[in-house]
């Protein structure tokens, strides 16, 4: 169990900079998820922590000790690979025992630890099998078992669920959450799936283009994205990002009309900004109080909730989430209103700007 | 819900694109660039068409005659004929020679002697002591071949394994070194033997170096031990590139992430070699072992050119014995040589079955 400190981590492959200065500290026992689109550097960052990649600049500190130049085998971390990377010629038991043998742990102790992990992961009946004779989910559990028998300082997970089918992925996600609750331990988890990130993480690190966009608790990122990228990345369906303006007195204008009661401030006057509003914060309303009027292009009825995809004047595209089942059809014209307390405004550089509103619900 | 949503979105387009890509391409690609290409290949096209016109009518006639289902055999026939004339027929003739006696060349003039040639070859006081055998040269050849095979197998596997392990690492100039190790394989064994003969003979390069350095000349081809050593050495030098290549292919087939997992597991290099690399390479190693075994039992040309079988009979291998008995001795004893060939053939047949078994098991 240990904390981790990253300072100004840089990684270049020749002329290509993959990590452009990453600073991050992770507390002991924390479950941190790195999330971001493909190629954002999240896997590389994990491999840098693991010691499988050397850094071009910066320092990695584990428990106050600088391990930047320490090889992976001496860092005492455990990793679950996307491909599982089980030893194909060894039984499940030997796969889990291998690292302990390397550490010179006594045979009875190895046996006890392997059996305890196997019981925890429901692998006891498969200990004598080779990985080739296991299903995807079982292999996944062996890979996790191989990590937990070692009682490592930090667990590293590299997209561990991406090779599982949808149902198994949801089940394994729950098991991982339960596992963290049971054994504790610092865990760093890489995924491109924001649902995994939202459900598993104590803290999410959103990466984009080799930089950290925002770090925070899942709901903080959801409620208060620091910039356009995070706003668009976290949440599904995506937040509606609408081109907007600010008039001379500092009030927000959408499609040329002032949005009553939203005043980003006079310092943004005349600038093009982006208005962000999540699908669930758009509601149907009576025509007089409408912020916009849209025509429904597509309706997705999911039973418990309904998604409307609609468009309005001046290329306005809106996704609307409504509770329950709604009697709306394609082509219907709807007046909609945005929940004033839940709006986001981003300036031309993509940074979130405070809104001149009544204070938002506590973060 | 969103999890599968996203995943399906990332994986499907790739597969989709591939599938779509393949079918329209052959249709669209000839159109824009076809004209100049076609002009350049026009003579070949005319030649090809002429050939087609020449062979098409008779082949059609044959097809009408035998039916479409039997056409593959028609195509196999030419090769089968060559194979029969140059492989199966000689094997048959060889067996006939091995059960007849005398010095006559034509089987029709040779008296039938049954198993006498074999009996003569196998007549020994003790099989462990070649000198007690009636045909002691044959057994000397067997003993030499055995000795050669054992040493060569060990050395070949060790050196090619070491070379493959080194060449599999990210070293500088790796491509160059891979080529260098493979180069001797391209040479004729006779050329290899001649090169090393010039180096090792009494007034050869190595002795020149030794005397310049103040040492004494060593007569490598006069000492039986040295002669056998250099036979093995030259043979390993000449062929190890081939086996290195097989092992290198095997090493590269081991996924990188398994090594990364081993690294995360804190595995020391030696233990990685013994517990990860060698077990995963084992199917390839078995194939190499059996291939080396087969080749070394058959060894002839490089050793014969290098040492001539000497000193005395110290490096005379079975194949050389067969060659000498049949063609090089003053009395050409075809029958005895044929019998020895059949025995050697049986051993090789067994080894080949072994190799097929291992190859098949590796594929399974």
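Read-outs: derived from the displayed coordinates by stated rules, not from any lab. Just so we're clear, the structure is a prediction, and the values are computed from it rather than from any experiment. Because the Cβ atoms are built from the backbone with ideal geometry, glycine has one as well, and the counts that use them run over all protein chains shown.
Computed values, structure above
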| read-out | value |
| --- | --- |
| Fluctuation leader among A:143, A:349, A:106 - chain A, Gaussian network, Cα springs under 10 angstrom | A:106 |
| Residue A:68-residue A:103 pseudo-label distance in nm [points 7 Å out on the Cα-to-Cβ vector] | 2.8 nm |
| Likely footprinting exposure, B:199, A:148, B:150, fewest C-beta neighbours within 10 Å first | B:150, B:199, A:148 |
| Residues B:260, A:175 arranged by fewest to most Cβ contacts within 10 Å | A:175, B:260 |
| Kirkwood-Stokes translational diffusion coefficient of the protein assembly as shown, alpha-carbon pairs, 20 °C, 1.002 mPa s, µm²/s | 64 µm²/s |
| Taking segment A:1-52 and dividing mean pair separation by its residue count, relative contact order in percent (alpha carbons under 8 Å, at least six apart) | 32 percent |
| Simple spin-label estimate for residue B:353 and residue B:212 in nanometres, 7 Å along Cα-Cβ | 5.5 nm |
| Relative contact order for segment A:155-298, counting Cα pairs under 8 Å that sit 6 or more residues apart, in percent | 14 percent |
| Cβ-Cβ FRET estimate between residue B:68 and residue B:253, R0 fixed at 35 Å, reported to 0.05 | 0.30 |
| Equivalent-ellipsoid semi-axes of segment A:229-363, from the Cα gyration tensor, Å, largest first | 26, 16, 13 |
| All-pairs Cα distance distribution in segment B:194-260, expressed in whole percent, bin size 10 Å | 18, 32, 19, 15, 12, 3 |
| For B:352, B:315, order by how many other beta-carbon atoms lie within 10 Å, fewest first | B:352, B:315 |
| Gyration tensor verdict on segment B:137-328 (Cα atoms; rounded if a/c is under 1.5, prolate if a/b is larger than b/c, oblate otherwise) | prolate |
| Distance (nanometres) between label positions extended 7 Å along Cα→Cβ at residue B:180 and residue A:241 | 5.5 nm |
| Over segment A:4-223, equivalent-ellipsoid semi-axes from the Cα gyration tensor in Å | 29, 20, 16 |
| Long-range Cα-Cα pairs in chain B (distance over 34 Å), rounded percent | 55 percent |
| Calculated FRET efficiency for the pair residue B:270/residue A:13, C-beta based, R₀ 45 Å, to 0.05 | 0.90 |
| Computed [θ] at 222 nm, deg cm²/dmol, chain B (DSSP H ≥ 4; -39,500 (n - 2.57); rounded to nearest 500) | -23500 deg cm²/dmol |
| Mean Cα-pair separation over length for chain B, i.e. relative contact order, pairs under 8 Å, 6 or more apart, % | 22 percent |
| Diffusion constant of segment B:166-224 at 20 °C, which comes from Stokes-Einstein with the Kirkwood Cα-pair radius and 1.002 mPa s, µm²/s | 154 µm²/s |
| Listed residues B:206, B:76, B:49, most fluctuating in chain B (Gaussian network, C-alpha, under 10 Å) | B:49 |
| Choice from B:294, B:171, B:246 with maximal GNM fluctuation in chain B (Cα, 10 Å cutoff) | B:171 |
| Distant alpha-carbon pairs in segment A:145-223 (separation over 21 angstrom), percent | 30 percent |
